[in-house]
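Working notes, structure below.
Every number here is computed from the coordinates shown, using simple stated rules; none is lab data. Please read all numbers here as calculations on a predicted model, not as lab measurements. Here the Cβ positions follow ideal geometry from the backbone for every residue, glycine too, while neighbour counts run over all protein chains shown.
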Amino acid sequence: MSRKRRMFDIDLPAMDDIPVGKVPDKVLEKRRGPMAAAISENADALRDQQSTEESIRAENDRLAHELVRLRSEGLVTERVALSDILFEKLTRDRKPGPDPELDELKASIQEIGLSNPIRLERRSDGRFELIQGMRRLSAYRALYEETGDESYARIPAGISEAGDLDSSYRRMVDENLIRKDISFAEMGALARAYAEDPANDCPDVDKAVSTLFKSASYTKRSYIRSFASLLMMLDKVLKHPNDIPRNVGVELKRKLDATPGLVRQVSAAVMSEPDRDGAREVAILRSFLGAPETSVAKKAPVESADKPRRAKTTFQVSGRAGIAKCSASSGRIELRYDLDFTRVDRSKLEAAIAAFIDALPEEDDLTHG
């Protein structure tokens, strides 16, 4: 009796689940040899490395262009040798002589370093032209001479390409306008020098003031013009023009314009005292102004004898060191000003007080006697 073959049950997947024309990845991995896998992995790594290098090159190019732009605008600080810095291009507006605040700046640099780099322009000979920072440069040079420390042989500086002359002057002037100690005489002298320099193509001082001090207010420009004119009238006569207060200089210029022959009188009076100091020179100039005009005040009401008088006058006056706040009452005057009066030479302080008192009207009804 023949035996029937027994068929085994085989679970076959549904036809829809079998991908047509595609070999599963696992099968490919099993078929790929070690060498082929290594080559494939190396190719992937090379592609990733190439992509990374291209990204780095692109970023480096961008940074290089940005660095060039920042350098051209003088926004990158570099340390420049003091010997490579010149100041031939611009007429400086800083008054000659010792700088009383230089020691404070030197001490600050020694303690915390230079917080504000100077500004330079690149020259064709490889050296640099100073545009802003004469005092900071002077402090570095003094520190290097005094200490011999090589850290002061180079100064931090922002370097830009050479610009036109007017722009260079404007950068210098605009920075110096915020200085507390710059006098109107210094600014007037700068305007004169600018107008007299043939390279600037400037016809007169008025145009020079408009060009250089464009950022200043109209009133301040008018004061600068007055001082420039005053310096021309009293050229080679004044020894201490930077000590002349603004109001004295402006009023004296007006009086010289209105009074023929007064220039000769002022010149003779000033030159008659060759050993005069700044305070005395100002006192001589002030003497030609006469008593200041006073407006007629309203008559104050009569107060009872048992009630003390409380009337007080307060006002403010602009000075080179800021605003002076004054308070005046019967027999008393107070002055608050950003100045250490203990450091002022006593003779100068006495001369200033004497000039102040002499300028007041001497009327019987103003005195207590």
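Any chance you could run the full-extension gain for residue 44 through residue 348? It's 0.36 nm times the residue separation minus the Cα-Cα distance, nm to one decimal.
Length gained between residue 44 and residue 348: 100.9 nm.
Using mean Cβ contacts within 10 Å as the protection proxy, how do 140-152, 223-235, 191-203 order, highest first?
Most protected by this proxy first, the peptides run 223-235, 191-203, 140-152.
Based on the Cβ-Cβ distance of residue 215 and residue 52, what FRET efficiency does E = 1/(1 + (r/R0)^6) give at R0 = 51 Å, to the nearest 0.05?
0.55
If R₀ is 35 angstrom, what is the calculated FRET efficiency for the pair residue 83 and residue 196, using the beta carbon separation as r and rounding to 0.05?
0.70
For the pair residue 325 and residue 237, what calculated FRET efficiency results from E = 1/(1 + (r/R0)^6), where r is the Cβ-Cβ distance and R0 = 25 Å, to the nearest 0.05?
0.15
How much length is gained if the chain between residue 64 and residue 138 is pulled fully straight, taking 0.36 nm per residue apart and subtracting their Cα-Cα distance, in nm to one decimal?
Full extension from residue 64 to residue 138 adds 23.3 nm.
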